[in-house]
1. Please arrange Phe10, Phe104 by how many other C-beta atoms lie within 10 Å of their C-beta, fewest to most.
2. May I ask which residue of Thr40, Trp66, Thr81 lies farthest towards the positive end of the charge dipole of the stretch 3-90, with charges of +1 (Lys, Arg) and -1 (Asp, Glu) on Cβ and the Cα centre as origin?
3. Please compute the contact order of the chain in relative form: average sequence separation of alpha-carbon pairs under 8 Å and at least six residues apart, divided by the residue count, as a percent.
4. Calculate the all-directions average of the projected area of the stretch 38-96's alpha-carbon convex hull, and give it in nm².
5. What's the long-distance tail for the stretch 10-176, i.e. % of Cα pairs beyond 27 Å?
6. What aspartates and glutamates does Lys99 reach when the alpha-carbon gap must be under 12 Å and sequence neighbours fewer than 8 apart in one chain are set aside?
7. Can you give the convex hull volume per residue for the Cα atoms of the stretch 89-130, as a whole number of Å³?
8. Can you compute 3J(HN,Hα) from phi for each residue in the stretch 16-30, using the Karplus curve 6.51 cos²θ - 1.76 cosθ + 1.60 with θ = phi - 60°, rounded to whole Hz and x for Gly and Pro?
Amino acid sequence: MPSIDETKPFVPLNIAVLTVSDTRSLEEDKSGATLAERLTAAGHKLGAREIVTDDVEAIRTLIKEWIADPGIDVIITTGGTGFTGRDVTPEAVEPLFDKRMDGFSIAFHMLSHARIGTSAIQSRATAGTAGSTFVFCLPGSPGACRDGWDGILSHQLDYRTRPCNFVEIMPRLDEHLRRPKTRGASA
């Protein structure tokens, strides 16, 4: 189990929340509100919050803008991770990843299975890094957002979490983009 090292300072992150939905407005968006409330209660800053329709290009365009924004450290999406014809969040976001985070999906499914049983397999929750930004895609229910935040993200996005956390590796996420190729290395 993770523990908190009280000798380390809390490092607030700028976190953007994107709800993917054809039917919700900002006022009706319980999942996005759940994430925004939890991350700000933890001490982080809500860097942006938007809703886009279940459209690959609309999702990808906004995610690209946030990845390019040096003021956004983390992106969390909610919605569009199921199997219906309109569920396209993984298709929109995964091509933007420099590295996939398969462990997030596994941890999320384990957590979900403990809460909702075999229905957990109906989610295609995914995550990865893009440049120096972490991107996490959660299902669209408030319960899934609570579980993802409380059970995984609140710990990994807290610099004080031991034995390790995402915050301490953030400065090195894009080192492969800054480092010139080594001479003689194959492409």
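Just so you know, all these numbers are worked out from the coordinates, no wet-lab data involved. Predicted model only: the values in this text are computed from it and were never measured. Positions of Cβ are backbone-derived with ideal geometry, glycine not excepted, and every protein chain shown enters the neighbour counts.
1. Arranged by neighbour count, lowest to highest, Phe10, Phe104 become Phe10, Phe104.
2. Toward the positive end, the furthest listed residue is Thr40.
3. RCO, the chain: 25 percent.
4. It is 4.4 nm².
5. 15
6. Once the sequence-local aspartates and glutamates are set aside, what remains near Lys99 is Asp174.
7. It comes to 57 Å³ per residue, whole-number rounded.
8. Each residue's phi maps through the Karplus curve to give 9, 10, 10, 9, 9, 6, 8, 10, 9, 9, 4, 5, 9, 7, 5 Hz.
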